[in-house]
Structure formats: structure tokens, C-alpha cells
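First the structure, in the form of C-alpha cells, and then the observations on it.
Laboratory data are not the source of any read-out in this text; all were calculated from the coordinates shown. Everything numeric here is computed off the predicted structure, so don't read it as measured data. A quick note on method: Cβ atoms are made from the backbone with ideal geometry, for glycine too, and the neighbour counts reach across all protein chains shown.
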Amino acid sequence: MATLTEGRWAGEFLVTEANGSLSRETILVAANQSLGAGRVLGQITLGNITGAPGTNTGNGTIGTLSRTSRAVAGVYVARCVAAATNGGRFEVIDPNGKKMADALVGVAYSNGEIGFTIADGATDFVVGDTFNITVAAGSGQYVPLAPAATDGSSIASAILFAPTVTPAGGPGEAVVIIRDAELNRSALDFGSLDANQQTTAIAQLATRSIIVREAVS
């Protein structure tokens with residue numbers, strides 16, 4: 001006799017949720033996904049990072065650009081505040097106007113959000129020269145939680161309410177639990193995340209008032 005395995009039912013992981021539809025949202029799941037109810041999701045909030053000089057006197061360049069999942073979508077500005085022969089120091093301001101650690105010409109820079117290297121050119125930088133480092137916004141679509149990702153999807157932000165399959169050609173709509181709920185851990189699907197990664201994800205969900213209970217009677 002064939003053995004049948006019952007999958008997770010829609011909303012099976014829910015212990016409590018807020019009145020009405022407060023806990024739920026309809027979102028877009030990225031293309032070519034086949035996911036079960038209770039899958040923990042992350043959102044793609046960040047896109048590519050690019051750098052461009054302002055109208056500068058110095059003709060040095062910016063390169064080796066990188067960003068982490070902690071980056072903010074928008075424009076970071078690096079502005080020369082101390083000129084030097086074959087060098088210089090640049091202050092770095094984030095898209096919200098917050099001053100970050102300074103960058104030195106010729107030295108690899110990283111502040112935990114973005115990274116880059118400003119290279120000296122034949123003409124030295126002068127005070128006021130700038131570079132704009134732009135972090136594009138992501139698609140806003142949801143994918144299975146991926147702790148190693150740097151596009152925002154490393155942060156647990158929603159739980160898929162019902163099984164969902166999206167087409168290869170584009171995203172599909174799905175209902176998720178996104179706030180104000182209690183969930184049964186044993187009914188959640190963390191994919192291949194190890195125990196430590198699951199603990200981190202549970203803490204991230206708690207910041208959204210999604211509380212994961214270890215045992216539910």
C-alpha cells in the first residue's frame with residue numbers, strides 16, 4: 001500500500017493573530033518558487049550598488065564597491081574634507097544624513113553597510129570633491145529566507161500562509177503573516193537553515209511582533 005504524506009495546511013502554524021486582517025498582507029513572491037505553508041521568507045529590499053564622481057577637480061576614481069544587508073537604499077555621499085598630495089580624507093554621509101566613518105584615499109573602506117576604494121589620480125583631490133555611491137532599491141519581492149544574502153532577504157520578515165507556486169516568467173501574489181501573531185515553531189518551514197540560523201530568524205520575526213512559541217499544546 002502506498003504511503004501518503006500530508007503536507008502543512010494553510011495557516012496550520014498559527015496560534016493567534018490580530019483581529020480582522022491586521023496580521024496579514026498580500027505580497028509578491030519571486031518567480032519560479034514552489035513553497036509550502038509556514039515557509040519563512042525574506043524580502044529583497046536592496047539592489048545594485050554604483051559609484052559616480054561629482055564635478056571634481058581631482059580625477060581619481062571609485063571602485064571595488066560592495067554592500068551588506070545593513071545598507072540603506074539611496075545615495076551615500078563621500079566628500080573630501082582634507083586634501084593631500086596623492087591622498088586625502090573623505091567624510092561619508094548615509095542617505096538619511098548620518099555621518100559615518102571617514103574614508104582615506106587608496107585605502108579599502110567598509111563601514112558595515114557599504115564598501116569601496118577611492119583611488120588617487122594624476123590630479124589630486126581638493127576639499128569639496130565628491131563621489132555619490134548609490135544603493136538601488138530592491139524589487140520588494142519575497143523569497144525563502146537566505147542568511148548569506150546581501151539583498152535584504154537574509155532578514156526574516158514574513159511567513160507564507162498557504163502553499164504557493166509562482167510562474168517562471170514573473171512573481172505571483174501570496175498571503176503572508178507579517179505582524180502581530182503567535183506561531184508554532186514545529187509547524188514552520190525554515191528550509192535548510194541550521195539551529196543557530198533559525199534562532200536568529202526567530203529573533204528577527206520578534207521585532208515585527210511575530211512571536212514563535214517552542215511548544216504549543
| message | Taking the Cα of THR61, stepping 7 Å toward and past its beta carbon, and measuring to each backbone N in region 105-123: which are under 11 Å? | response | 119-121
| request: Step through the residues of region 42-55 one at a time and calculate ³J(HN,Hα) from phi using the Karplus curve (6.51 cos²θ - 1.76 cosθ + 1.60, θ = phi - 60°), rounding each to whole Hz and writing x for Gly and Pro. | output: x, 10, 7, 9, 10, x, 6, 10, 9, x, 8, x, x, 7
| Percentage relative contact order, the chain, counting C-alpha pairs under 8 Å, at least six apart | 33 percent
| field | LYS99-ALA84 pseudo-label distance in nm [points 7 Å out on the Cα-to-Cβ vector] | value | 1.9 nm
| With the dipole of region 1-70 worked out from charges on the C-beta (+1 for Lys and Arg, -1 for Asp and Glu) around the Cα centre, which of TRP9, ILE44, ALA30 lies farthest toward the positive end? | ILE44
| query | Helix 195-206 versus the longest principal axis of the chain: what angle, 0 to 90°, nearest 10, using Cα atoms? | reply | 90 degrees
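Normalised radius of gyration for the chain, please: alpha carbon Rg relative to 2.2 N^0.38 Å, two decimal places.
1.32
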| Do the sum for the chain: with -39,500 (n - 2.57) for every DSSP H run of n ≥ 4, divided by all residues, what is the mean residue ellipticity at 222 nm, to the nearest 500 deg cm²/dmol? | -1500 deg cm²/dmol
| request: First select every other residue whose beta carbon is under 11 angstrom from the beta carbon of GLU182; then total the charges, Lys and Arg +1, Asp and Glu -1. | output: 0
| Could you give the semi-axes, largest first, of the ellipsoid that matches region 14-53, computed as the square roots of 5 times the alpha carbon gyration tensor eigenvalues and rounded to whole Å? | 31, 16, 9
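Determine, from the Cβ-Cβ distance of THR68 and LEU22 and an R0 of 45 Å, the FRET efficiency 1/(1 + (r/R0)^6), rounded to the nearest 0.05.
It comes out at approximately 0.90.
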| Compactness of region 15-94 - radius of gyration and Dmax, Cα, Å | 21.5, 65
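Under the definition of Cα pairs under 8 Å and six or more residues apart, what whole-number percent is the relative contact order of region 46-137?
46 percent
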| message | Residue by residue through region 60-67, what is 3J(HN,Hα) from phi via Karplus (6.51 cos²θ - 1.76 cosθ + 1.60, θ = phi - 60°)? Round to whole Hz and write x for glycine and proline. | response | x, 10, 10, x, 6, 7, 8, 8
| Spin-label point model (7 Å from Cα, Cβ direction): what's the ASP194 to VAL165 distance in nm? | 3.4 nm
